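Contents: one structure, followed by commentary.
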């Protein structure tokens, strides 16, 4: 590393090696910081995790890569190429969708192919509605990409300023005051298509009945390209880690942070559960912001950001990582089996109950666009669930009922599933993996027009402490988490340029020292 990285004024500690933390580390190292990443797990990746079932590795978090340009830029700016670290396969079939009675519809990367399929499925009017929907989703994305998605968190006034009063049409086109469901009703006559495209709200853990129509832009993100990481999503995390290490970033795994040190009002280091201390002038926390608020990183850091009320949490899930045999409906990579009553399903979730008839997502990890039947399938199966993993332990009876509902839903849609073995994860398990969330997988739910402005930004109430991850701006999902890491690093660098660094606010003595206590409340 350059001499700058040996300067006390250019040390950063990143808590967590999820995608946001990895990207923040890369950006800070590029700027000359000496960076240490401390991660309590045994490997990098965060929610991009794998589980092992009978020796088979199965992705049990994000299953695809979208907005590839975000990751291309991360690697290229660091002097690498994404293709040198991971092998990617672009999907032609985005997803297969099924309903009771055997109705089935595929969406394709090619818009014309999707329009033709929708025309055959629901008629010419809905095919035209689909094309209008695509144009509207594309306009929303183009309007918000630079002033919102890749920029620091705005408020309504600053977002208006960034877009420009001269673009009143674009401002109105993002439709923040309409619900997603009502907007879809204007595009599609067939309720199954409203159900299909309404599902994009669940990509950030929200309900299409309460989420703003703005979330339709997710459809454009998917239409713009979906890639599978060959060998599993963990390879992407490993590639980001190698990129960071090439810039001098140091990783310490099995290192749980018990406290963020604050001295003279400024974050200045972290204390690990084994008493080890790391000091720096910038701390980037790649954990759910609720973990800070609830004091899991010490009371000194608890005022860093505002709490997320339980009713504001995004969805959790019950998931199964399985090896299974299937017959009936051929599985492509991504498959969705819709419930008979979507509104009742989300009403149950809103009321804190597992739906009696849930929509089921199945990722067939050995599947491809052909839908060829495999002798034995590696499957990741997901049903949405309330984020109550810290207050309600689902009983075995509840989980058995959920499992039965999942199997019945698949059967009604034409898929028979015989499991060889599986590993189940519940909201309580997710809360243990991602503390203080209740198992919420996407941070704060997107409810109403103001929700997008309520996620915390990179900066916190404590100078020197910054946030990254899917729980902060710009939102959930791998590319958004990556952007959050870049924004956190940009905030660190901007603050360094404009704010004096007070050496007396921290104790000198090297990158890490031993402490006789395990918590810091300074």
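The values are calculated or read from the model by the stated rules, or taken from the named source; none is laboratory data. Since this is a predicted model, take the numbers as computed values, not measurements. Positions of Cβ are backbone-derived with ideal geometry, glycine not excepted, and every protein chain shown enters the neighbour counts.
Of the numbered criteria (1) in a strand (DSSP E or B); (2) within 21 Å of residue 246 (Cα to Cα); (3) touching a helix residue (DSSP H, G or I) at 6+ places or on another chain (Cβ under 9 Å), the one residue 57 fails is (2). When residue 436 is tested against (1) buried (at least 22 other Cβ atoms within 10 Å of the Cβ); (2) at pLDDT 95 or above; (3) under 26 Å from residue 391 (Cβ atoms), only condition (1) is not met. Each residue in the range 215-242 was checked for being farther than 30 Å from residue 445 by Cβ and under 21 Å from the mean Cα position of the chain (by Cα), and 6 pass.
Residues of the range 407-423 that are outside any helix (DSSP H, G or I), on the phi < 0 side of the Ramachandran plot and touching a helix residue (DSSP H, G or I) at 6+ places or on another chain (Cβ under 7 Å): 413, 417. The criterion of at least 2 residues that are touching a helix residue (DSSP H, G or I) at 6+ places or on another chain (Cβ under 8 Å) and more than 22 Å from residue 45 (Cα to Cα) is met, among strands (runs of 3 or more DSSP E) falling completely within the range 251-302, by 257-263, 266-272. Applying the criterion of at least 3 residues that are under 24 Å from residue 114 (Cα atoms) to the helices (runs of 4 or more DSSP H) found wholly in the range 126-225 leaves 180-187, 191-198, 217-223. A search for C-beta distances below 6 Å between a residue of the range 306-321 that is free of Cβ contacts under 8 Å to residues at least 40 places away in the same chain and any residue that is crowded, with 16+ Cβ neighbours inside 10 Å, counting only pairs 6+ apart in sequence or on different chains, returns 307/293. For the range 303-322, filtered to residues that are surrounded by fewer than 18 Cβ atoms within 10 Å (Cβ to Cβ) and either in contact with a strand residue (DSSP E or B) (Cβ under 8 Å, 6 or more places away or on another chain) or at pLDDT 95 or above (or both), the residue that is farthest from residue 461 (Cα to Cα) is 312. On the basis of being touching a helix residue (DSSP H, G or I) at 6+ places or on another chain (Cβ under 9 Å) and either over 29 Å from residue 26 (Cβ atoms) or not assigned by TED's automatic domain parsing to the domain that holds residue 403 (or both), does residue 340 make the cut? In short, yes. Residue 256 - would you say it is over 30 Å from residue 206 (Cα atoms) and without any contact (Cβ under 8 Å) to a residue 24 or more places away in the chain? For residue 256, the condition - over 30 Å from residue 206 (Cα atoms) and without any contact (Cβ under 8 Å) to a residue 24 or more places away in the chain - is not met.
Selection of the range 385-404 for residues being in a helix (DSSP H, G or I) and either closer than 27 Å to residue 232 by Cα or touching a strand residue (DSSP E or B) at 6+ places or on another chain (Cβ under 9 Å) (or both) yields 399, 402, 403. The residues in the range 351-364 that are in contact with a helix residue (DSSP H, G or I) (Cβ under 9 Å, 6 or more places away or on another chain) and touching a residue at least 40 places away in the same chain (Cβ under 8 Å) can be counted, and the count is 8. Out of curiosity, is residue 382 crowded, with 21+ Cβ neighbours inside 10 Å, outside the structural domain of residue 287 (by TED's automatic domain parsing) and in a strand (DSSP E or B)? Criteria met by residue 382.
The set of residues in the range 413-433 that are over 19 Å from residue 57 (Cβ atoms), modelled with pLDDT of 95 or more and surrounded by 17 or more Cβ atoms within 10 Å (Cβ to Cβ) comprises 413, 414, 415, 426, 427, 428, 430, 431.
Scan 121, 148, 133 and give me the residue that is surrounded by 14 or more Cβ atoms within 10 Å (Cβ to Cβ), modelled with pLDDT under 95 and not assigned by TED's automatic domain parsing to the domain that holds residue 496. It is 148.
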